[in-house]
Every structure is written in structure tokens, then in C-alpha cells.
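The values are calculated or read from the model by the stated rules, or taken from the named source; none is laboratory data. Keep in mind that this is a model prediction, so the values were computed, not measured. Methodologically, a virtual Cβ is constructed for each residue, glycine included, from the backbone with ideal geometry; neighbour enumeration extends over all protein chains shown. Accessible surface areas use protein heavy atoms only, side chains included; no ligands, DNA or RNA. Shrake-Rupley method; radii C 1.70, N 1.55, O 1.52, S 1.80 Å.
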Amino acid sequence: MTKELKHYINGQWVDSSNPNKLNIINPATQKVIARAPSATKEETEEAIKIAKRMFESGIWSDQSPVARAAVLLQIADLIQENLDELRDLEVQNNGKTKREAESDVEEAVNTFRYYAGLLNMPNGQVYETSGNMQTLIIKEPIGVAGLIVPWNFPLLMSVWKIAPALAAGNSILLKPAEITPMTAVKLFELIDQSDLPKGAATLIMGDGPVVGQTIAESVDVDIVSFTGSTGVGRHIMQAAAGNMKKVSLELGGKSPNIIFDDADLETALDYSLFGIFMGSGQVCSSGSRILVQEGLYDEFVQKYIQKAKKIRVGPGHDEHSQMGAIVSEKHFKSILNYIQIGKEEGANLALGGSRIEGNGLEDGFFIEPTVFTDVTTDMRIVREEIFGPVVTIQKFKDEEEAIKIANDTEYGLAGAVFSTDQNKALRIIKKVRAGITWVNAYHLTNIQAPWGGYKQSGIGRSLSTYGLDEYQETKQININLDPAPIRWFE
Ligand code: TAP
């Protein structure tokens, strides 16, 4: 039977007054796996009011860091115990492979544990200042945190926000992407089993322009933390201006992956495949623009295509699949449209470019690993985020040209350099205007490091201590140790 999903508000599973429900689809088969509610503006406003009341009651925000850490560890353990179910739900709903989904769930566990650990660290400063004054710098929760996430890492992107926001003592309100609510619902079932006070965490599903917009513009929301496209991010900033709420934005990318003649070719090839085809290219930090120095270009392209051809595309639940389905029909059509644009712009379609059919794959949204060569920087396929298994390979002459092409983008999320000359690699990577970078690697990162972009790839950072800061206010308390009149006017 198709599962009927419900909102989780004030510690209760509740239906929406809106009778219109959204069919949740498995993109590998197009089968309906659940029906999700779509909250109205009024329901969203009511849920925000409850979150605000909960925050003001102090039931969570006043708990000691040690007590909050214990709850985060409990949630981590519950996720760990339910790893298989969460993995399979993510595969079913998002289309990614089992291996990818399992790694997401493991990272979700680690993220909760990391922020529980941070809560046991000193958090604040004390300054001796002039005379008999002493200043304390303390951190406090912001209030109600509205969390809006995309569909590409439904569980992990939710956890990257929920764990630090709860750690900081906020009340949270999560809006998952409309089409991928399955792991968020399961996560809230687990949160419900934990000792988190009821009402401190709210899950509300629905349409971005209704639910997301209401969260972004509400005067009762104190921070909106958004991960998604740059276009919607811009809109969120405008909506947030009403009450000057804090805005944290993790947005899109068009990241350069620069390969020099002296690179270790096998390493560069391997990471450059991983850099774009992991997650079917639906990853914000994907290395979607490969730049190769002219001496290595022909050999690199030829070997890259040979290897990309061998990637096994198929349903995520099949252990043999190395690359899964595209998340939805709408996004699938958008990627195919970009491939058509690339052909019309005169780029050379060196590999792929089509829907995959046969062996039952015609029931799902599968696209071949696609490689364009002979591209120029003015082409739309080089400038715009395609967010699919489509990569462009471009030639450069020297260091100066590599940097110029790499930075010729409105985005600044990620970038990589491959070279056996460590001095050169460091020289170049420091010039790449991006927040997440690699030398002789791609995609590998860790929770201890801040994640976020330069330029139009966002504002603020997730993960690490920076990620906790996003959800905290900073207060100075100045204490007069020798209270006596200041006599300014005498
Ligand atoms: P978006 O279309 O921007 O949607 C993201 C979220 O915003 C969804 O929950 C969406 O709801 C909601 N939304 C849509 N319109 C809204 C509005 N007017 N007001 C408030 N919320 C609104 O992105 P997507 O297509 O889901 O995800 C892909 C994008 O996310 C890519 O650009 C990718 O680069 C970026 N991304 C960035 C990162 C980081 S860490 N930088 C990580 C992952 C993804 P609906 O689902 O109902 O439309």
C-alpha cells in the first residue's frame, strides 16, 4: 500500500487541510512510493508559531550543552540502527546508488556525533578590559531556524542543518524538497523516539513557493538556512529582508577541475570521473568543467572517454549499478535540453548525450555519461549549472590561462588542481576563487572543514565550528567589577 506521509508538528503526526497530495515517485521505475501532504500558507504560519512558542518556553534552548549533546548522540545512534532502511529509502526516492546512499547515512550519523562533541568544548571568551571591567563573549541560540533543503542529498543536507541548529539550542522547522521527503519523514520518526522535547523539531512538507516562501518571509523565523539553486537563493534573501533575519545560503556551482601536463594521469582520470559522475552529476560541488593543459589534452580526452563509457548505469538498488537515475522527469528533461543546447552551440559531443533504454531502464530517468569537447567559455553548457552527468573538457596553454578560465564564472563553490609539482598546485589552487578545493583529489572532505562558496555560490558555511556559528548569536556581557558611579556629567 502507498504510504501516506504526514507533517510532524508539535510532536504529533498531522494531516494537511489541503486535500491535494503529491505522488512521490521512484525515479528508477516511475512507481509511486508514497503520497505527501502539501501544507498551506496558514498551516505553515501556525507551525512557525508553535516553533516560536517552544523556543520561548526554554524547554530545549535552556538545557545545558551536555544535555543537548546527549540527545544528539541518541539521534545519531537511532540513525545508525536504521541505516539500512534510510539507505533504501534514499535509493528509492532519489535514484542514487546503494553505495552513495549508504555513505550519506554514515555521514549523517557522524554529523550528529560531531556536533554533540563540539557541545562539550569551551564555547566563549573572557577578556580583561580597562579598569575594573571584564567582558564575557557568549554564544546563544538565534531562535526559530527555518531549514529548506534540496532533493540531491535529502537526508544529508537536512542533517547538515538540523544537527548544528539543534546543538545551538534553536527550535527547527525543516522543509524538505517536495519530491524527496522520504528520509526526512523517517528521520523525524527517529527524532520522535529520542528525548528531544516535543515541538523543538518540526517537519513540514510542500511546495517551495508556498511553504518555503512563508518560512523565508515570516517575522517569527530568526534564521533561514537554505540549500538549493542560486536563483531561489536570491529570492530567499529578498523574502528574508522583512525582519532582517539571518540568511545562510549554500547554492549552485560550475566548478573547474584543472589538470596540468605533469599530473599523475591515472589519478587525474579517476578523480575527474568521480568528480562529475558521482551522484549522476547532481552534486553542487561537481567538477563539471575539466580544464586540461594542451600537452596532455588529446591523451586525457581519449582515455577519459574510454573509462566513462564503462560506467554501469542502472537502478540504485542493483548492486552492479555505479550511476543511478536522475531524480525526476522535470530535471531529466532539463538535462537533455542542455545536451541539445550544447550540440546547437557547436560543442563536440564526444560521448553519450541520450536517454538510456533497454533492460527495463526505459521505465526510469537514466542518462548516459556525457562528455563535450571543443567547448568555449561563452557556451551555455560551460557557464550554466546543468546538474547532471554532463561534463565539458576544455584546453588551456599555461598557468595564467588556466586561472583565467577557472575563475570566469559567476559561481565559486569548488575546484581542483592535478599536478605532481606541489608548489605549482598550491600556487594555482590559492588563485581559484572557490570555498572548497582539492589538490590531486576531488569530492573528499570532512565534517571538521567548513563547506560553502564564494561569489554566487552562497553566503556562510556549513559543517565544522563555522557551521555551529551560523545558528548562534554572539553576545558581549560587560561586567563592572567595582560598581561606582562613572560621573561623566560631573
Ligand atoms: P531549488 O529548486 O532551489 O530548491 C531547493 C529548495 O527550495 C526546495 O526545498 C524547494 O522546494 C525550495 N524552494 C523552491 N522555491 C522556493 C521559494 N520561492 N521560496 C522558498 N523555497 C523555495 O534547488 P533544487 O533543484 O532542489 O536543488 C538543486 C540545486 O541545489 C543546485 O543548484 C545545487 O547546486 C544546489 N545545491 C547546493 C548545495 C551546496 S552545499 N552548495 C548542496 C546541494 C544542492 P520544492 O522542492 O518544493 O521546489
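When the accessible area of the chain is split by element with a 1.4 Å probe, what percent falls to carbon and sulfur?
Values: 10250 of 20750 Å².
The computed percentage sits at 49.
Full-extension gain between Met133 and Glu400, please, as 0.36 nm times their residue separation minus the C-alpha to C-alpha distance.
Details: separation 267, 0.36 × 267 = 96.12 nm, distance 5.32 nm.
Stretched fully, the Met133-Glu400 segment lengthens by 90.8 nm.
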(message) Placing +1 on the Cβ of each Lys and Arg and -1 on the Cβ of each Asp and Glu in segment 205-297, which of Gly233, Phe277, Thr214 has its Cα farthest towards the positive end of the resulting dipole?
(response) Thr214
(request) Could you pull the accessible area for Trp160 with a 1.4 Å probe, rounded to 10 Å²? (result) 30 Å²
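Quick one: compute the contact order of the chain, relative version, from alpha carbon pairs under 8 angstrom and 6+ residues apart, as a percent. Don't skip to the end; give the middle numbers.
Working: 1119 pairs, mean separation 88.2, N = 490.
Across the chain, relative contact order equals 18 percent.
Can you run the Rg to Rh ratio on the chain? Use alpha carbon positions and the Kirkwood inverse-distance Rh.
On the way: Rg = 24.0 Å, Rh = 23.7 Å.
With Rh from the inverse mean 1/r over Cα pairs, Rg/Rh is 1.01.
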(request) Would you mind calculating the gained length between Asp298 and Glu106 on full extension (0.36 nm times residue separation, minus the Cα-Cα distance), in nm to one decimal? (result) 65.2 nm
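Just subtract the alpha-carbon distance of Asn337 and Asp62 from 0.36 nm times their residue separation and send over the number in nm, one decimal. All intermediate terms of the calculation are to be shown ahead of the outcome.
Values: separation 275, 0.36 × 275 = 99.00 nm, distance 5.17 nm.
Here the answer is 93.8 nm.
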(request) Can you work out the PRE-style zone for Met244? Point 7 Å along Cα to Cβ, and I want the residues of segment 451-474 with backbone N under 16 Å. (result) 473-474
(message) Defining a contact as two alpha carbons under 8 Å apart and six or more residues distant in sequence, what relative contact order in percent does segment 256-439 show?
(response) 28 percent
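Quick one: compute the contact order of segment 35-140, relative version, from alpha carbon pairs under 8 angstrom and 6+ residues apart, as a percent. Show your work: numbers first, answer last.
Numbers: 72 pairs, mean separation 24.5, N = 106.
Worked out over segment 35-140, it gives 23 percent.
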(request) Give me the distance between the Cα centres of segment 118-174 and segment 237-263, rounded to whole Å. (result) 21 Å
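Using the beta-carbon distance between Glu319 and Phe274 and R0 = 22 Å, what value does 1/(1 + (r/R0)^6) give for FRET efficiency, to the nearest 0.05?
0.75
Roughly how many Å² is the accessible area per residue of the chain, as a whole number, for a 1.4 Å probe? Working shown, then result.
Working: 20750 Å² over 490 residues.
Roughly 42 Å² per residue, with all protein chains present.
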(request) Keeping all protein chains in position, work out how much accessible area Glu294 exposes to a 1.4 Å probe, and write it in Å² to the nearest 10. (result) 100 Å²
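Taking the Cα centre of segment 1-119 as origin, work out the dipole magnitude from +1 charges on Lys and Arg Cβ and -1 charges on Asp and Glu Cβ, in debye rounded to 20. Mind dumping the intermediate values first?
Numbers: 15 positive and 19 negative charges, 57 e Å.
Charge dipole of segment 1-119: 280 debye, to the nearest 20.
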(message) As a test of the formula, what do you get for the chain when each DSSP H run with n ≥ 4 contributes -39,500 (n - 2.57) and the sum is divided by the residue count, at 222 nm and rounded to the nearest 500 deg cm²/dmol?
(response) -11500 deg cm²/dmol
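Let's see if you can work this out: charge +1 on each Lys and Arg Cβ, -1 on each Asp and Glu Cβ, no other charges. What is the dipole magnitude of segment 256-439 about its Cα centre, in debye to the nearest 20? Could the numbers behind the result be given before it?
Values: 20 positive and 28 negative charges, 63 e Å.
Using Cβ point charges on Lys, Arg, Asp and Glu, segment 256-439 gives about 300 debye.
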(request) Can you find, among Pro181, Leu22, Phe300, the residue farthest towards the positive end of the dipole of the chain? Put +1 on the C-beta of Lys and Arg, -1 on that of Asp and Glu. (result) Leu22
(request) List, in order, the whole-Hz ³J(HN,Hα) value for each residue of segment 81-92 obtained from phi through the Karplus relation with A = 6.51, B = -1.76, C = 1.60 and θ = phi - 60°; use x for Gly and Pro. (result) 5, 10, 4, 4, 5, 4, 4, 5, 5, 5, 4, 4
(request) Would you list which lysines come within 26 Å of Lys430, measuring only between C-alpha atoms, while excluding same-chain residues fewer than 8 positions from it? (result) Lys254, Lys395, Lys397, Lys404, Lys455
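Let me know the volume per residue of the alpha-carbon convex hull for segment 256-439, in Å³. Each step should come with its number before you reach the end.
Values: hull volume 20.1 nm³, N = 184.
Residue-normalised Cα hull volume stands at 109 Å³.
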(message) Quick check for me: using +1 on Lys/Arg Cβ and -1 on Asp/Glu Cβ, what's the dipole size of the chain about its Cα centre, in debye to the nearest 20?
(response) 460 debye
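Given a Förster distance of 51 Å, report the FRET efficiency between Ser17 and Val126 from their Cβ-Cβ distance, rounded to the nearest 0.05. Don't skip to the end; give the middle numbers.
Working: r = 51 Å, r/R0 = 1.00.
Result of the calculation: an efficiency of 0.50.
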(message) Taking every DSSP beta bridge with both residues inside segment 256-439, roughly what % is antiparallel (nearest 5)?
(response) 15 percent
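Given a 1.4 Å probe and heavy atoms of the protein chains only, how would you sort Trp151, Trp60, largest accessible area at the top?
Details: Trp151 50, Trp60 5 Å².
Order by accessible area, largest first: Trp151, Trp60.
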(message) Principal axis extents for segment 110-152, Cα atoms only, whole Å, descending order, please.
(response) 55, 22, 15
